[in-house]
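Trainee: Once you've had a glance at the structure underneath, I'll fire off some questions.
What follows draws every value from the coordinates through simple rules; no lab data is involved. Being a predicted model, the structure only gives us computed values, none of them experimental.
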Amino acid sequence: MGTGFPAEDAQNDFARARRARMLADLGRRLRFEPDDVGYILPFEEVVEALGRVAEHDLGLQSIALDSIVGTVDRTKEFDRAFRPTSPRLRARWQRIAEAQRRGESFPPISVFRIGELHFVRDGHHRVSVARSLSRQDIDAYVTEVQTRVGPGDDVRVSDLPIKGHERLFRERVPLDRERRSHIRLSDPWDYGSLAEGVEAWGFRAMQGHRAFMDRAEVARLWFDEDYKPVTEMLDAADLVERGETETDAYMRIVAARYLLLRTHDWSDEVLERLRSAERRPRRRTRMPPKRRRGKRPPY
């Protein structure tokens with residue numbers, strides 16, 4: 001919608017974009033959503049967390065504006081939906097909006113692509129104006145960056161340290177895609193503990209085989225000889241608790257096996273003792289009695 005006067009319409013466009021940003025912030029607070037849901041993603045931090053593998057030029061493409069969620073160097077000027085966060089952007093933003101309303105053409109923007117997400121290198125104001133005008137796509141020169149861990153469609157700034165832990169697990173335990181698809185933890189911070197457990201298992205396996213194995217071989221043998229049989233036994237013995245993934249259950253029961261029995265081996269006897277321990281009612285911890293005021297404790 002417009003008045004037919006590009007300059008006036010551009011002013012209204014900027015005011016509407018700023019108002020939409022403030023309303024979005026208010027809506028997140030009312031829904032008790034984390035503050036960083038609306039934060040624009042910083043490209044360098046994302047790449048560092050996910051682990052850069054390679055990059056290559058894909059040339060000129062038309063990309064969806066909704067897929068642009070990050071920036072190389074403008075983290076404080078726009079939110080994740082590329083709404084302006086500061087009135088200081090007004091002059092340049094309105095010049096571009098006015099030019100677009102007059103039908104003037106602009107050069108393609110430049111972006112990095114990670115997974116299905118895009119990060120702007122050049123053209124932040126053009127993206128912001130295009131989104132405020134409800135356009136669906138924009139022409140862009142695309143450079144694809146391959147990473148060890150995918151970002152996911154809803155990744156937030158607070159997820160980056162956790163993504164870093166997942167990346168380190170994949171580096172320390174390089175499973176193939178099919179085996180890796182079975183590894184899911186409810187708490188991603190546990191990836192580090194799982195990696196340490198696999199490395200310890202690998203050390204014992206090399207001692208048993210009296211042969212050196214690289215990380216890929218250790219990861220494959222651990223999955224085939226320990227993880228898969230254990231998770232199958234847990235499922236058959238009904239030891240996977242509600243809300244757990246099979247990897248959660250594996251970590252819990254392996255830790256319990258060593259703490260209770262001081263063994264790394266599996267057998268029917270070990271499994272039965274663990275099943276009994278899991279089903280045994282847990283004793284309540286008694287609180288010490290409250291000290292009465294005015295009475296001295298005995299010494």
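Trainee: If you stretched the chain out fully between Asp57 and Asp137, how much longer would it get, using 0.36 nm times the residue separation minus the C-alpha to C-alpha distance?
Mentor: So the extension gain works out to 26.8 nm.
Trainee: Starting from the amide H of Ile68, placed 1.01 Å from N in the peptide plane, find each other amide H under 5 Å away whose residue is 5 or more places distant or on another chain.
Mentor: Correct list: His118.
Trainee: Starting from the Cα gyration tensor of the stretch 19-143, take the square roots of the eigenvalues, sort them a ≥ b ≥ c, and report rounded, prolate or oblate (rounded when a/c is under 1.5, otherwise prolate if a/b is larger than b/c, else oblate).
Mentor: Here the stretch 19-143 falls in the oblate category.
Trainee: Report the relative contact order of the stretch 45-187, percent, no decimals, based on alpha-carbon pairs under 8 angstrom and at least 6 residues apart.
Mentor: It comes to 37 percent, rounded to a whole number.
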